[in-house]
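Novice: The structure is given below, and queries will be raised subsequently.
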Amino acid sequence: MTCVYVCMCARAAEDMLRNMDLLLALPQSSHVYFGHEYTLSNLEFLCSLAPRISSPPLQLSLETYLMRAKVLRQDSVPTAPSTLADEMAYNLFVKCREAEVQRMVGCEGDPVATMQALRELKNSF
Amino acid sequence: MMSIVARNIKTRFLVSGIKLRRNFLSAPILSSLGCADVIKIPLFTDNYCYLIVDRETKHAAVVDPGTAQPVIKIVEQLQRDENLELKAILCTHKHHDHVGGNAELKHRFPTAEVIGTGYEHIPSIDRPVRHGDSFRIGSLQVRTIFTPCHTSGHVCFFVTSAATPSHFKGTVRSGEVGAENMAPMLFSGDTLFAGGCGRFFEGTGACYLAVRASVD
């Protein structure tokens, strides 16, 4: 049963990885209108992974976007739309093919496992 | 340069925002950043429903109306003030907080077509759409992108105007859309969030293989 469960989770991660590939092939200038105001909690989760980040630009991106989200939400301003360019800068879920992100979750060379690991960490955050 | 619709909407909602209910967001807010005007309508505790308005024709589409009344209120106001016409109700996936308003909206606006994912059941559906299918809202082109996982049938909608070609495939360069207020727009439902992605409620990998075969 455990093997089936792990297999299904990995296949779901394959689906989401492929979704991100498709969406990130669109123009970077595209505005992204998403279905829920989860941005602040999403960024708080991403920033909780900060000890694992070795690249200063990524760390700075996360801190910048977190600050921006806090400012917007203080006045109940929607964080939508984002842009694909923004998401590519800091959203780890769209960066699963990058070696640095794979290293962060101990899945170097495996973008599917990286996506799965990130999702599991988020689920239990 | 802001359209007439945009100027009037902006003033009205900034004023009326004071009176509306206390919620995670006090009032619908207009965005004129991209190739169409978009009114962001907060629903429930943290949902967004969006009203896309084509500046050229005043044809409009609502995306993921989890409940109808807030949408009806805004559309009726814009019908009176701007001759707006609601042409479509777009649904990214089957979850009730995204489709709960379909039936009531159709009853109130009988000429609006429910266009939604053809991969799972959508209430009051008129036109199921699949990966690669496209349709128009006024002068806007809308392209369907199949993104299963959060639900087995989830789709996203990619919107361009006649002035911005649909770069559905091909290389991506930053700044390729040169004109202000012409950027394309992606309605990503519960697949892609700012800083996150949707939960994997129904991903199986089988969907990936089927679509890859059809796209290749």
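Novice: Looking at B:Ser134, B:Ser161, which one is more than 8 Å from every other protein chain (Cβ to nearest Cβ), farther than 20 Å from A:Leu17 by Cα and at pLDDT below 95?
Specialist: Of B:Ser134, B:Ser161, the one residue that is more than 8 Å from every other protein chain (Cβ to nearest Cβ), farther than 20 Å from A:Leu17 by Cα and at pLDDT below 95 is B:Ser161.
Novice: Within the range B:120-138, which residues are in contact (Cβ under 8 Å) with a residue 40 or more places away in the chain and over 15 Å from the mean Cα position of the chain (by Cα)?
Specialist: Within the range B:120-138, B:His131, B:Gly132 meet the criteria.
Novice: Could you check B:Asn8 against (1) surrounded by fewer than 21 Cβ atoms within 10 Å (Cβ to Cβ); (2) modelled with pLDDT of 95 or more; (3) polar (S, T, N, Q) and say which number it fails?
Specialist: So the condition that B:Asn8 fails would be (2).
Novice: Could you list, ordered by first residue, the pairs with Cβ atoms under 6 Å in which the first is in the range A:75-90 and surrounded by fewer than 17 Cβ atoms within 10 Å (Cβ to Cβ) and the second is among the small types (Gly, Ala, Ser), at least 6 apart or interchain?
Specialist: Qualifying pairs under 6 Å: A:Ser76/B:Ser26.
Novice: Select from the range A:35-74 the residues that are at the interface with chain B (Cβ under 7 Å from one of its Cβ atoms) and either open to solvent by 60 Å² or more (accessible area, probe 1.4 Å) or more than 14 Å from the chain's Cα centre (by Cα) (or both) and list them in ascending order.
Specialist: A:Gly35, A:His36, A:Glu37, A:Tyr38
Novice: Just checking: which of the helices (runs of 4 or more DSSP H) contained wholly in the range A:1-112 hold 3 or more residues that are over 30 Å from B:Cys35 (Cα atoms), out of contact with any strand residue (DSSP E or B) (no Cβ under 8 Å at 6 or more places or on another chain) and small (Gly, Ala, Ser)?
Specialist: Of the helices (runs of 4 or more DSSP H) lying wholly inside the range A:1-112, those with at least 3 residues that are over 30 Å from B:Cys35 (Cα atoms), out of contact with any strand residue (DSSP E or B) (no Cβ under 8 Å at 6 or more places or on another chain) and small (Gly, Ala, Ser) span A:2-24.
Novice: Go through (1) open to solvent by 30 Å² or more (accessible area, probe 1.4 Å); (2) within 8 Å of chain A (Cβ to nearest Cβ); (3) at pLDDT 50 or above for B:Glu180 and report which single condition fails.
Specialist: All conditions pass for B:Glu180, except number (2).
Novice: A follow-up question, please. Looking at (1) within 7 Å of chain B (Cβ to nearest Cβ); (2) more than 13 Å from B:Phe193 (Cα to Cα); (3) open to solvent by less than 30 Å² (accessible area, probe 1.4 Å), which is the only condition A:Glu14 fails?
Specialist: In the conditions (1) within 7 Å of chain B (Cβ to nearest Cβ); (2) more than 13 Å from B:Phe193 (Cα to Cα); (3) open to solvent by less than 30 Å² (accessible area, probe 1.4 Å), A:Glu14 misses (3) alone.
Novice: Here's something else I'd like to know. When only residues in the range B:31-51 that are aliphatic (A, V, I, L, M) and more than 9 Å from chain A (Cβ to nearest Cβ) count, which is surrounded by the most Cβ atoms within 10 Å (Cβ to Cβ)?
Specialist: B:Ala36
Novice: Now, a different point. Go through the range B:52-71 and give me each residue that's open to solvent by 10 Å² or more (accessible area, probe 1.4 Å) and either under 15 Å from the mean Cα position of the chain (by Cα) or not acidic (Asp, Glu) (or both).
Specialist: Result: B:Arg55, B:Thr57, B:Lys58, B:His59, B:Thr67, B:Gln69, B:Pro70.
Novice: OK, next. Can you tell me which residues in the range B:43-96 are part of a loop (DSSP other than H, G, I, E, B), of a type in the set (D, E, K, R) and free of Cβ contacts under 8 Å to residues at least 24 places away in the same chain?
Specialist: Correct list: B:Asp46 only.
The values are calculated or read from the model by the stated rules, or taken from the named source; none is laboratory data. What you are looking at is a predicted structure, and each value in this text was computed from that prediction instead of being measured. Virtual Cβ from ideal backbone geometry, glycine too; neighbours counted across all protein chains shown. Note: accessible area is taken over every heavy atom of the protein model, side chains too, but ligands, DNA and RNA are not part of it. Shrake-Rupley method; radii C 1.70, N 1.55, O 1.52, S 1.80 Å.
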